[in-house]
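Following: one structure in structure tokens, then a few remarks.
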Amino acid sequence: MIAPPDDIDRIMSVMERAFSAEFGEAWNRRQVSDAFTISNCRYGLIAPDGAAHIAETTDIAGFFMSRAILDEEELLLFAIAPEYRRRGLGHLLLSRFLESAKATGMARVFLEMRHGNPAAFLYAAHGFREIGRRPSYYRTPGGGRIDAISQELIFQD
Ligand SMILES: CC(C)(COP(=O)(O)OP(=O)(O)OC[C@H]1O[C@@H](n2cnc3c(N)ncnc32)[C@H](O)[C@@H]1OP(=O)(O)O)[C@@H](O)C(=O)NCCC(=O)NCCS
């Protein structure tokens, strides 16, 4: 999927605010644009009012990026800007991602997250379950180590 430069700008504006610098989870612009040169990488945006179709002039509240391989799709990045959190936009965007993955024939979606990320509550509410753990995968500037948790959701017919 090709992302127009304006959409990459919008994704980066949320990216820069949404992820804590402490864990190094945010991608830079080059990583984002390179991902979109891969044809099976896609994204979705959400407006502050929850709309999925966004006028060119409208700021976004959040985005997802994902990559499909055969009938499995990895949720690479998922974020809502800090000022729009705890209003249900994360639930709405995740629902849209899962519906579109299922509609395009995916059998399974998966992701990796930092242990202790509150996003775990959101993923659990949508049926994800933990399937693996990479011990001490994330390093913090203070020398701490945090496990990476792999989660999956298998679509039932
Ligand atoms: C995770 C994130 C996308 C949630 O977005 P959101 O719009 O606030 O999500 P919602 O309002 O739909 O809330 C979804 C659920 O997530 C959980 N949740 C979200 N933030 C939480 C927090 N700070 N503490 C505890 N639970 C939290 C709750 O269960 C919440 O449901 P509830 O409000 O009904 O209790 C957002 O916090 C974010 O962008 N975080 C930084 C980026 C990130 O870590 N992304 C995930 C990478 S794996």
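What does the charge dipole of the stretch 1-51 about its Cα centre add up to, to the nearest 20 debye, if the Cβ of each Lys and Arg holds +1 and the Cβ of each Asp and Glu holds -1? The partial results should precede the final answer.
Values: 5 positive and 8 negative charges, 25 e Å.
The calculation lands at about 120 debye.
When 36, 128 are ordered from fewest to most other Cβ atoms inside 10 Å of their Cβ, what list results?
Numbers: 36 18, 128 24.
The most exposed by this proxy come first: 36, 128.
In whole Hz and in residue order, list the ³J(HN,Hα) couplings for the stretch 106-119 that follow from phi through the Karplus curve 6.51 cos²θ - 1.76 cosθ + 1.60, θ = phi - 60°; x for Gly and Pro.
5, 9, 8, 10, 8, 7, 10, 9, 6, 4, x, 5, x, 4
Charges on Cβ only, +1 for Lys and Arg, -1 for Asp and Glu, centred on the Cα centroid of the stretch 5-154; of 65, 75, 41, which one is farthest towards the dipole's positive end?
Going by the Cα projections, it comes out as 75.
Under 5 Å between amide hydrogens, which residues at least 5 positions from residue 137 or on another chain qualify, with H placed 1.01 Å from N in the peptide plane?
146, 147, 148
Give the long-range amide H neighbours of residue 114: residues separated by 5 or more places, or on another chain, with amide H under 5 Å away, using H modelled in the peptide plane at 1.01 Å from N.
Under 5 Å from the amide H of residue 114 lie the amide H atoms of 149, each far enough along the sequence or on another chain.
Convert each backbone phi in the stretch 144-157 into a coupling constant with the Karplus relation 6.51 cos²θ - 1.76 cosθ + 1.60 (shift: θ = phi - 60°), then list the ³J(HN,Hα) values in order as whole Hz, x for Gly and Pro.
x, 10, 10, 5, 9, 10, 8, 10, 9, 9, 9, 6, 9, 6
Which of the GluC sites (Glu not before Pro) across the stretch 42-145 are loop residues per DSSP, with 14 or fewer other Cβ within 10 Å? Display every interim value, and only then the final one.
Details: sites: 56, 72, 73, 74, 83, 99, 112, 130; in loops: 56.
Sites meeting the loop and neighbour criteria: 56.
Which whole-Hz couplings ³J(HN,Hα) result when phi for each residue of the stretch 18-34 is put into the Karplus expression 6.51 cos²θ - 1.76 cosθ + 1.60, θ = phi - 60°, listed in order with x for Gly and Pro?
For the stretch 18-34, the Karplus curve yields 7, 9, 5, 4, 4, 9, x, 8, 6, 9, 8, 4, 4, 5, 5, 5, 4 Hz.
Please report, to two decimal places, log10 I(q)/I(0) for the chain at q = 0.10 Å⁻¹ as given by the Debye formula with identical point scatterers on the Cα atoms and no solvent.
-0.35
In deg cm²/dmol, rounded to 500, what helix-only [θ] at 222 nm does the chain give when every DSSP H run of at least 4 residues adds -39500 (n - 2.57) and the total is split over its residues? Numbers along the way, then the final one.
Working: 4 runs with 44 residues, N = 157.
Helix contribution divided over all residues of the chain: -8500 deg cm²/dmol.
Read-outs: derived from the displayed coordinates by stated rules, not from any lab. All values reported here derive from a predicted model rather than from experimental measurement. Here the Cβ is made from the backbone with ideal geometry for all residues, glycine too, and neighbour counts use every protein chain on show.
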